[in-house]
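Read through the structure below, which is laid out as structure tokens, and then see the notes.
The values are calculated or read from the model by the stated rules, or taken from the named source; none is laboratory data. Predicted model only: the values in this text are computed from it and were never measured. Heads up, the Cβs are rebuilt from the backbone with ideal geometry, glycines too, and the neighbour counts pull from every protein chain shown. For the accessible areas, the whole protein counts, side chains as well, though only heavy atoms, and no ligand, DNA or RNA atoms are used. Shrake-Rupley method; radii C 1.70, N 1.55, O 1.52, S 1.80 Å.
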Amino acid sequence: QVQLVESGGGLVRTGGSLRLSCVVVEESFFRILTMAWYRQAAGKQREFVASIRGGGITNYADSVKGRFTISRDNTKNTAYLEMSSLSPEDTAVYYCNRLPQYNFWGQGTQVTVSS
């Protein structure tokens, strides 16, 4: 029933910005779930990026702290990731999920930062 639908990725230059969206379909408990963003660069393991609790408390990986902002709109079952000051090291497929994770992943959205 639940689906994770990521969007908003694309190609940007170093220093640019993007806003990613994650719609969680058919999740009646979205409001109280902790949501998180992850990313996986080519040849590397998937890593944690940021999380946000239902009440709004956030947590960030050190690599993105101060540059990325996670937020949510509980009326739309949607989590967002605002990304700024992007560098090529941010190039990856970005995924959303709950924390703890569902036993599946969405399609992800590709973010490519050119030098």
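What number goes with the only condition from (1) out of contact with any Leu (no Cβ under 8 Å at 6 or more places or on another chain); (2) under 22 Å from Val2 (Cα atoms); (3) touching a residue at least 24 places away in the same chain (Cβ under 8 Å); (4) not in a loop (DSSP other than H, G, I, E, B) that Phe48 does not pass?
(3)
Sort out which residues of the stretch 1-20 are among the polar types (S, T, N, Q) and in contact (Cβ under 8 Å) with a residue 60 or more places away in the chain, and write them in order of number. So that I can check it myself, show each step before the final result.
Here is the first cut: in the stretch 1-20, the residues among the polar types (S, T, N, Q) are 1, 3, 7, 14, 17.
Matches in the stretch 1-20: Gln3, Ser7, Thr14, Ser17.
Based on what the data block shows, is Ile32 open to solvent by 60 Å² or more (accessible area, probe 1.4 Å) and of a type in the set (A, V, I, L, M)? Spell out how you get there, then give the answer.
Details: open to solvent by 60 Å² or more (accessible area, probe 1.4 Å): yes; of a type in the set (A, V, I, L, M): yes.
So Ile32 passes the test.
I'd like to check which strands (runs of 3 or more DSSP E) are fully inside the stretch 73-115 and have at least 1 residues that are surrounded by fewer than 17 Cβ atoms within 10 Å (Cβ to Cβ).
On the way: elements: 78-83, 92-98, 109-114.
Passing ranges, in order: 78-83, 109-114.
Select, from Val12, Val2, Val49, the only residue that is open to solvent by less than 30 Å² (accessible area, probe 1.4 Å) and either among the small types (Gly, Ala, Ser) or in contact with a Phe, Trp or Tyr (Cβ under 9 Å, 6 or more places away or on another chain) (or both). If you could, list the steps in order and put the result at the bottom.
Working: Val12 fails: either among the small types (Gly, Ala, Ser) or in contact with a Phe, Trp or Tyr (Cβ under 9 Å, 6 or more places away or on another chain) (or both); Val2 fails: open to solvent by less than 30 Å² (accessible area, probe 1.4 Å).
The unique qualifying residue is Val49.
Is it true that Val24 is assigned to a strand (DSSP E or B), within 16 Å of Gly106 (Cα to Cα) and of a type in the set (A, V, I, L, M, F, W, C)?
Values: assigned to a strand (DSSP E or B): yes; within 16 Å of Gly106 (Cα to Cα): yes; of a type in the set (A, V, I, L, M, F, W, C): yes.
So Val24 fits the description; yes.
Given the criterion touching a helix residue (DSSP H, G or I) at 6+ places or on another chain (Cβ under 7 Å), open to solvent by 20 Å² or more (accessible area, probe 1.4 Å), not aliphatic (A, V, I, L, M) and not in a strand (DSSP E or B), identify the matching residue among Gly43, Gly66, Gly54.
Working: Gly43 fails: touching a helix residue (DSSP H, G or I) at 6+ places or on another chain (Cβ under 7 Å); Gly66 fails: touching a helix residue (DSSP H, G or I) at 6+ places or on another chain (Cβ under 7 Å).
Unique residue meeting the criteria: Gly54.
Select from the stretch 92-113 the residues that are closer than 18 Å to Arg19 by Cβ and either aromatic (Phe, Trp, Tyr) or over 13 Å from the mean Cα position of the chain (by Cα) (or both) and list them in ascending order.
Those that are closer than 18 Å to Arg19 by Cβ and either aromatic (Phe, Trp, Tyr) or over 13 Å from the mean Cα position of the chain (by Cα) (or both): Tyr94, Tyr95, Thr112, Val113.
Among the numbered criteria (1) in contact (Cβ under 8 Å) with a residue 40 or more places away in the chain; (2) closer than 22 Å to Phe29 by Cα; (3) open to solvent by 40 Å² or more (accessible area, probe 1.4 Å); (4) assigned to a strand (DSSP E or B), which one does Asn59 miss?
(1)
For the list (1) at positive phi; (2) open to solvent by less than 90 Å² (accessible area, probe 1.4 Å), I need the number of the one condition that Glu26 fails.
Looking at each condition in turn, Glu26 falls short on (2).
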